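Okay, so here's the structure we're looking at.
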Amino acid sequence: MSSKDEKNLSQVLQKISGMEEPRRSLMHRVHEIILDAGPSLKPRIWYGMPAYAKSASTPALITLRNDDRLNLAITEKAAFHAAGGSDGNLMPAAWYFEEVDEVTAQRIADIVRSVSD
């Protein structure tokens with residue numbers, strides 16, 4: 001890991017550590033899920049949020065927000081496709097969560113893999 005990658009990871013972990021419980025634990029778990037599902041992704045701060053990109057110099061693909069609700073989002077820089085079916089041309093781009101059970105963890109991992117491959 002380069003020194004820039006280490007610095008970026010440290011900043012992301014610091015951002016998460018500054019959150020109040022139980023959000024801090026949830027965000028840390030989602031951070032780990034993202035890194036496990038997208039091992040090539042690099043954590044960094046993007047517009048003040050923990051985010052994950054293919055390199056330190058490319059736009060973020062995934063962001064984590066700690067607003068009124070916790071939010072996992074795919075940025076406009078990620079390649080993803082319309083949902084189809086009853087959702088037609090709508091493209092899913094953000095998911096709110098308040099807990100992370102095994103089903104949610106798997107869905108987050110699937111989302112990360114869909115944009116990081």
Residue satisfying condition, being touching a residue at least 60 places away in the same chain (Cβ under 8 Å), of a type in the set (D, E, K, R) and within 18 Å of residue 13 (Cα to Cα), within set 67, 36 = 36
task = Assess whether residue 29 counts as being open to solvent by 30 Å² or more (accessible area, probe 1.4 Å), part of a helix (DSSP H, G or I) and at pLDDT below 95.
result = no
note = residue 76: passes all of (1) in contact with a strand residue (DSSP E or B) (Cβ under 8 Å, 6 or more places away or on another chain); (2) in a loop (DSSP other than H, G, I, E, B) but (1)
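Conditions tested, residue by residue: (1) crowded, with 19+ Cβ neighbours inside 10 Å; (2) of a type outside the set (A, V, I, L, M); (3) part of a loop (DSSP other than H, G, I, E, B).
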residue: 9; (1), (2), (3): no, no, no
residue: 16; (1), (2), (3): yes, no, no
residue: 40; (1), (2), (3): no, yes, yes
residue: 64; (1), (2), (3): yes, no, no
residue: 68; (1), (2), (3): no, yes, yes
residue: 83; (1), (2), (3): no, no, yes
residue: 89; (1), (2), (3): no, yes, yes
task = Being open to solvent by less than 70 Å² (accessible area, probe 1.4 Å), of a type in the set (A, V, I, L, M) and farther than 24 Å from residue 18 by Cα is the filter here, so list the residues in region 70-81 that pass it.
result = 78
query = Within region 71-117, which residues are modelled with pLDDT of 90 or more, over 13 Å from the mean Cα position of the chain (by Cα) and among the charged types (D, E, K, R)?
reply = 98, 99, 101, 102
task = Evaluate region 43-59: report whether one residue or more is part of a strand (DSSP E or B) and in contact (Cβ under 8 Å) with a residue 40 or more places away in the chain.
result = yes
Near pairs, Cβ below 9 angstrom, 6+ apart or cross-chain, from region 80-93 (under 19 Å from residue 62 (Cβ atoms) and of a type in the set (Phe, Trp, Tyr)) to any residue that is at pLDDT below 85 and surrounded by 10 or more Cβ atoms within 10 Å (Cβ to Cβ) = 80/91; 80/92
remark   = Checked region 91-107 for anything surrounded by 10 or more Cβ atoms within 10 Å (Cβ to Cβ), in a helix (DSSP H, G or I) and not hydroxyl-bearing (Ser, Thr, Tyr); matches are 105, 106, 107
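The values are calculated or read from the model by the stated rules, or taken from the named source; none is laboratory data. As the structure is a prediction and not an experimental result, all values here were calculated from the model. Note that each Cβ is placed from the backbone with ideal geometry, even for glycine, and that neighbours are counted across all protein chains shown. Accessible surface is based on the protein model in full, side chains and every heavy atom, while ligands, DNA and RNA are left aside. Shrake-Rupley method; radii C 1.70, N 1.55, O 1.52, S 1.80 Å.
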